[in-house]
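The values are calculated or read from the model by the stated rules, or taken from the named source; none is laboratory data. Predicted model only: the values in this text are computed from it and were never measured. No Cβ is skipped: glycine too gets one built from the backbone with ideal geometry, and neighbour counts run over all protein chains shown.
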Amino acid sequence: MGSGMWHMPSREKTCPPDRRSVTLRMSVSDRFRGLSRALGRVLLASLLLGPSAVAGREPLDAIVAVVNDDVVMASELKRMVRRIQKELEQRGGEMPPDRVLNRQVLERLVLTKIQLQTARQTGVQVDDESLNRAMSNIAAENGMSLAQFRQAVESEGYGFVQFREDIRSEIMVSRLRQRQVDNLIHVSEREIDNYLATQARQEKIDHEYHLAQILVAVPGDADADRRKAARDKALAALKRLRQGEDFEQVAIAVSDDQEALDGGDLGWRRPGEIPAIYAGVVTSLREGGVSDLIESPNGYHIVKLIAVRGGGTGLVTETHARHILVKPDDLVSAEAARARLDRLRDRVLAGEDFAGLARLNSADKQSAAKGGDLGWMSPGDLVPKFEDAMTALEPGGVSEPFETEFGWHIVQVLERRRRDNTVEAMRAQAREAIRRRKGEEERQAWLRRLRDEAYVEYRLEE
C-alpha cells in the first residue's frame, strides 16, 4: 500500500464563543493547522518505515538526549531519521549529510518531549473516547472502517497501540498550544480597520504569498557573544544562498525553525498573516527573491518569496438550516445514537415538527433552544462533514444520520440564498490574518521560552 492513498482528516476544531452554534461553527484559526501536518507525519511513519524499523526492537539502544526527567533513545531518533529520509526522497530533495539530519531530527524530538511534559504538568489530557473518535475520523477519511484501518496500519508493520499513542501525543501538544497561546490572542475591531486600510493603500488585499524562511534562533538569555555567533551563522547561510545554493537544502542544514525539515516552507499567507517583522520586506520581493538578514527577538531570519497569487470575494451561497445532535457517551453508544436519530428522522418525515423534536432531543443546547436553528451559514462556517451533508440537501430535505467529531446529527435545510458578502468576508479574512500572524509570533516566543527553561543534555555522538 502506498502512502499516497491515505490522507489525514480535518484538524481537531474548537468553537468560537460568539457564533450561533458553539457545537459546529468554527473559524479557520481554530482548525489546528499544525495538528494536521503533525498527524500526517505520524501516519507517514506507519507507511514508510516498514516492519523492521517500527515493530521490531533495536538490538542495542542508548540515550541520545536527556530532556528534564525524560530521555530520547537512539532507537527513537533512528526511526524518525528514516522516516524523514523517506519524506525527502518522495519530495525529490537532496539528502542532507547524516550529521545535519540527525541534529535537526533530534532537536525536533527534544522540543516534542518538552511540550508533552508541559501538557501533562498543566493537566492537558486526551481521554480514550476523544482518541477513539479521532481514530475513527482518520479511518473514515481514508474510506475504511476502524477495523479495516487497523488492519492496514498493522500490515505495514506499525503497532496499532503505538500508532494510537502517537496520535494522542499530537493532540495533546495541539491542545496545549491552543490553551497557552491561541486562546489568549485577541483581535480588536480597530486592528481590523487598520489592517484593511493598510492593505487598501497597498492595493494587495487579495494577494497571497507563498513563503519559506530560515531562522537562526537566539535564546532569550543569550549574551553578546552568542548573539554574534548566531548572526555569523545566519550571514554564512545568506552567503550560500547568494552563491546559488538551494534554499530548501540550506534551510534543512541551518534553520532552527519548526519547518526546517520541510525546507522552511511556511505555506501560503495573506499579507496580514505574515509576521510583522518582515511583512514589508515580503511585499517588496520578486517571486523567487530572497531577503537580506532580518533581526527579531527570536533570532535572525532569511525569507524567500516562492510565489504570489491573487484572491477575490463576491457572491456566496448561504444556507439556513437546523439540526439535532445526539452525543455518544458511557450510556449511549454510537450505534444507539444513530438509531435514535433514525427514529427522530422518521418522525419528522411523518409530519412531526422538527423544531419541537430538536428542543427535546438535541445535545446542542444553544441551537436546541431555538428549535435546532443554526441561522444563515456561509461556506466554511461549519466542519466539513456537516457542511457536506447539508450541501447535498434541497430545501426542505432531511439528511440521514451522520457523524462528526461532535457526535451524530440529522440536519434539515430550510432555505438558500445568494448574497454578496464581500465586506463581511474581507473583515473575516482580516481578523483571521491578524490572529494567525499574532499566533505564529506568540507560538515562536512560547516555544523558545519552553526550550530555554528546560534542562537538555545532548549525548549524540557526531
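Would you mind stating whether N132 is closer than 30 Å to F386 by Cβ, surrounded by fewer than 16 Cβ atoms within 10 Å (Cβ to Cβ) and out of contact with any strand residue (DSSP E or B) (no Cβ under 7 Å at 6 or more places or on another chain)? So N132 fits the description; yes.
When E165, E129 are checked against the criterion of being assigned to a helix (DSSP H, G or I), modelled with pLDDT under 85 and under 23 Å from the mean Cα position of the chain (by Cα), E129 stands alone in meeting it.
Among the residues of the range 258-270, the one identified as farther than 13 Å from F247 by Cβ and assigned to a helix (DSSP H, G or I) is L261. Screening A230 against (1) assigned to a helix (DSSP H, G or I); (2) more than 26 Å from the chain's Cα centre (by Cα); (3) more than 23 Å from L450 (Cα to Cα); (4) not charged (D, E, K, R) leaves a single unmet condition, (3). Each residue in the range 297-310 was checked for being out of contact with any helix residue (DSSP H, G or I) (no Cβ under 7 Å at 6 or more places or on another chain) and surrounded by 14 or more Cβ atoms within 10 Å (Cβ to Cβ), and 3 of them qualify. Considering only the range 427-447, I want to know if a residue exists there that is among the β-branched types (V, I, T) and buried (at least 20 other Cβ atoms within 10 Å of the Cβ). The answer is yes, given that some residue of the range 427-447 is among the β-branched types (V, I, T) and buried (at least 20 other Cβ atoms within 10 Å of the Cβ). Checked against (1) assigned to a loop (DSSP other than H, G, I, E, B); (2) acidic (D, E); (3) surrounded by 15 or more Cβ atoms within 10 Å (Cβ to Cβ), E394 passes all but condition (3).
Scanning the range 172-193 for residues that are part of a helix (DSSP H, G or I) and either at positive phi or surrounded by fewer than 14 Cβ atoms within 10 Å (Cβ to Cβ) (or both) returns N183, L184, E189, R190, D193.
Return the only residue of D364, D330, D292, D342 being acidic (D, E), touching a residue at least 12 places away in the same chain (Cβ under 8 Å) and more than 21 Å from S399 (Cα to Cα). Explain how you work it out, then say what you get.
Numbers: D364 fails: more than 21 Å from S399 (Cα to Cα); D330 fails: touching a residue at least 12 places away in the same chain (Cβ under 8 Å); D342 fails: more than 21 Å from S399 (Cα to Cα).
After applying the criteria, what remains is D292.
Quick check: anything in the range 252-273 of a type in the set (K, R), out of contact with any His (no Cβ under 6 Å at 6 or more places or on another chain), farther than 25 Å from L106 by Cα and modelled with pLDDT under 90? Yes. Number of residues in the range 262-296 that are of a type in the set (D, E, K, R), over 30 Å from Q85 (Cβ atoms) and surrounded by 18 or more Cβ atoms within 10 Å (Cβ to Cβ): the value is 2.
For R347, the conditions (1) in contact with a Ser or Thr (Cβ under 9 Å, 6 or more places away or on another chain); (2) of a type outside the set (D, E); (3) surrounded by 13 or more Cβ atoms within 10 Å (Cβ to Cβ) all hold with the exception of (1).
Pairing residues of the range 424-450 that are closer than 13 Å to P275 by Cα and assigned to a helix (DSSP H, G or I) with residues that are at pLDDT below 85 and among the hydroxyl-bearing types (S, T, Y), at Cβ distances under 9 Å and at least 6 apart in sequence or on separate chains, gives A433/Y195; I434/Y195; R435/S27; R435/S29; R436/S29; G439/S29.
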